[in-house]
1. Mind checking which pairs have a first residue in segment 39-62 that is free of Cβ contacts under 8 Å to residues at least 60 places away in the same chain and over 8 Å from LEU91 (Cβ atoms) and a second that is β-branched (Val, Ile, Thr) and in a loop (DSSP other than H, G, I, E, B), Cβ under 8 Å, 6 or more apart or different chains?
2. Given (1) in a helix (DSSP H, G or I); (2) closer than 23 Å to SER179 by Cα, identify the lone condition not met by ALA254.
3. Given the options ASN107, ASN94, name the one that is within 29 Å of TYR243 (Cα to Cα), crowded, with 19+ Cβ neighbours inside 10 Å and touching a Leu at 6+ places or on another chain (Cβ under 9 Å).
4. Output the number of residues of segment 60-77 satisfying the condition of being small (Gly, Ala, Ser) and not in a helix (DSSP H, G or I).
5. Is there a residue in segment 55-62 that is buried (at least 16 other Cβ atoms within 10 Å of the Cβ), touching a helix residue (DSSP H, G or I) at 6+ places or on another chain (Cβ under 6 Å) and farther than 28 Å from HIS184 by Cα?
6. Consider segment 78-111. How many of its residues are within 22 Å of LEU285 (Cβ to Cβ) and not in a loop (DSSP other than H, G, I, E, B)?
7. Looking only at segment 163-180, filter to residues that are touching a residue at least 40 places away in the same chain (Cβ under 8 Å) and out of contact with any helix residue (DSSP H, G or I) (no Cβ under 8 Å at 6 or more places or on another chain); which one of those is surrounded by the fewest Cβ atoms within 10 Å (Cβ to Cβ)?
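The values are calculated or read from the model by the stated rules, or taken from the named source; none is laboratory data. Everything numeric in this text was worked out from a predicted model, so none of it was measured. Reconstructed Cβ throughout: ideal geometry from the backbone, glycine too, with neighbour counts over all protein chains shown.
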Amino acid sequence: MLTSLTLPAPAKLNLMLHITGKRADGYHQLQTLFQFLDLHDELTFKLTQDGKTTLQPQLAGVAVKDNLIIRAARLLEPLRRNTNFGVEIHLQKNLPMGGGLGAGSSNAATTLLALNQLWQLGLNLTQLAKLGLQLGADVPVFVFGQTAWAEGIGEELTPTQAEEAVYLLIFPGCHCDTSKLFSHPSLSRSTPLINPEHAQHHLGENDFEPLVRQLYPAVEAAFTWLIAENQQPYLTGSGASVYCKMGSKEQAKALANKLPLSFSGLKPRVWVTKSCNQSSAHIKLMADKGSLFNFASL
């Protein structure tokens, strides 16, 4: 019987992001292309017999009850056949919060995948993704673990492939407030729908970019610096992280070494990273347990 499991919770890029409308319930309709990165948080799960779910360390500024890792575990607790099963979770936090990299959603998805195994729940990916959707629109893509074209509020997923490329990724040190951005009157909400087959012609487009660059000086500084270095920068998600495609890891490392010590007084973080069409969490699960799931749209 499996009693412990360590899994990555990978970051994602939005290779393009259009906001195409707003529903009556207030949610925004999107078209976006998700791809994973080889950067990740890491979670270790240890089965206990006290029925309790615990998480260490706590995230600064996030109440335990609001942490997506705990909330994901709570969704699965009623499905346990053995209610004595609990879990100790340890989070190694590498990815920034509010960076547009999907870290919280990825943590939640990895928790669903891991506890499905440790607690022997027998749920398939579609069932896990539907549960994960209660936590956030980005959770299902991390549950399914493949590059995907997304519509609706981001939960209508179609598996696809995208070029696996080397990127320089900069987190400029500020945290973007997604809810504030979605409610901002200047946000574009009427980009015409495109055919998914034409997504490659829209790579790098992001309807959040003009507003984020206006509201967050550090993001604007990252764009300005990359442009001055003859690079084409892009925003992922609702920010704050900015990325540019590079020709090689060596080229990316050379540029990373030139990064200024601060943007608008904030200390940036930089990574040389490669995009991946399969989530590292799924790669680890398959290596440990064989092919567990098949991709299926919601």
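1. Close Cβ pairs satisfying both conditions: LYS46/THR3; GLY51/THR83.
2. So ALA254 meets the others, but not (2).
3. Of ASN107, ASN94, the one residue that is within 29 Å of TYR243 (Cα to Cα), crowded, with 19+ Cβ neighbours inside 10 Å and touching a Leu at 6+ places or on another chain (Cβ under 9 Å) is ASN107.
4. The qualifying residues number 3.
5. yes
6. Keep residues of segment 78-111 that are within 22 Å of LEU285 (Cβ to Cβ), which gives 79-82, 85-95, 101-111.
Now narrow it down to the ones that are not in a loop (DSSP other than H, G, I, E, B): 79, 86-92, 103-111.
Total meeting the criteria: 17.
7. Filtering first and then ranking leaves GLU163.
Results for (1) touching a Gly at 6+ places or on another chain (Cβ under 9 Å); (2) within 20 Å of HIS198 (Cα to Cα); (3) of a type outside the set (S, T, N, Q), shown as yes or no for each residue.
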residue: ALA129; (1), (2), (3): no, no, yes
residue: LEU135; (1), (2), (3): yes, no, yes
residue: ASP138; (1), (2), (3): yes, no, yes
residue: THR147; (1), (2), (3): no, yes, no
residue: THR158; (1), (2), (3): no, yes, no
residue: ALA165; (1), (2), (3): no, yes, yes
